[in-house]
Amino acid sequence: MKLLEDKILTDGIILPGNVLKVDSFLSQQIDAPLMEKLAEEWYRLFENEKITKIVTIEASGIGIACIAALKFGVPVVYAKKMRGANPSSDYYSSKIVSYTHGTSYNVVIPKMHISDSDNVLIIDDFLANGSALRALIKICENAGAKVCGVGIAIEKTYQGGADKIRNMGYRIESLAKIKKMDDIGGIEFC
C-alpha cells in the first residue's frame, strides 16, 4: 500500500539494532485517517471471511485493530501481556519472545472472550520473526476459533517470520513489506 509506504519513508526512523520507529503515526500517536485507510484495505481483502472477532496484542495493535473492527462491525479482543506468574485456567495463554525488547513474556486472553464459534482476523502493527503472531494463532487454536487471516501493517520480510507462518497455511496480508532496512541505505520495499 503506497500510502503506508510513503508514510514510513517520511516519518519512520531507523534506530540502532534495525528497529523501525513509527510511533509518530502507528503506535504512540495514531494517524487515525491513515489507519482508516488500512482498515478499509483489510476489509476489502477479508470481507468474505465472515469475521466475528478481531484479535490483536497489547499495546500497539489495539488502535489499528479497533479501527478495523469498525469496518467489520465486530468486537476486538486483545491478548494482554502478563509478566511473571503463570495465568490461571480461566485464560488461554502463550509465550512470546520479543525481538524489539529482547524479553519473553506470556500473553493471555480470557476464555470467555474467544470460542470455537469465532472466525478470527488477527491484526497487528508489525510482523518480523513471527513470535507474537504464532502466540496469537496458538491462543485462537486452543480456543477452537478459526483463524481466517492475518492483517499486518508492516512486515519485515527479511526476518522470515511471515514465510514460516504462511507455510503453516495461514493467509497473511501485509500492507507494507520491507525487503531491506538499515540506517545507511534506508528502507527498500518489496
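Neighbour counting of Cβ atoms within 10 Å sorts the residues His101, His113, fewest neighbours leading, into His101, His113. Selection among Ile123, Ser98, Ile137 by position relative to the dipole of the range 92-145 gives Ser98 as farthest towards the positive end (Cβ unit charges, Cα centre). Full extension of the chain segment joining Val97 with Asp23 gains 24.6 nm, where the gain is 0.36 nm per residue of separation less the Cα-Cα distance.
Stokes-Einstein diffusion of the chain at 4 °C, 1.567 mPa s viscosity, Kirkwood radius from Cα pairs, rounded to a whole number: 78 µm²/s. By Kyte-Doolittle mean hydropathy of at least 0.5 and Cα axial length of at least 15 Å, which whole DSSP H helices of the chain are selected? Helices meeting the span and hydropathy rule in the chain are 60-72, 131-143. For Asp118, the amide hydrogen comes within under 5 Å of the amide hydrogens of Lys146, counting only partners 5 or more places away or on other chains and with H modelled in the peptide plane. Which is the longest stretch in the chain that no exposed loop site breaks, taking sites as trypsin sites (Lys or Arg not before Pro) with a DSSP loop state and at most 13 other Cβ atoms within 10 Å? Excluding the exposed sites themselves, the longest stretch runs over 84-190. Mind listing P(r) for the range 29-133? All alpha-carbon pairs, 5 Å bins, whole percents. Histogram of Cα-Cα distances, whole percents per bin: 2, 12, 21, 23, 19, 14, 7, 2, 0. Each Lys and Arg contributes +1 and each Asp and Glu -1, all at the Cβ; summed about the Cα centre of the chain, the dipole is approximately 540 debye.
Values in this text are rule-based calculations from the coordinates and carry no lab data. These figures come from a predicted structure and were not determined experimentally. Counting neighbours? That spans all protein chains shown, and the Cβs are built from the backbone with ideal geometry, glycine included.
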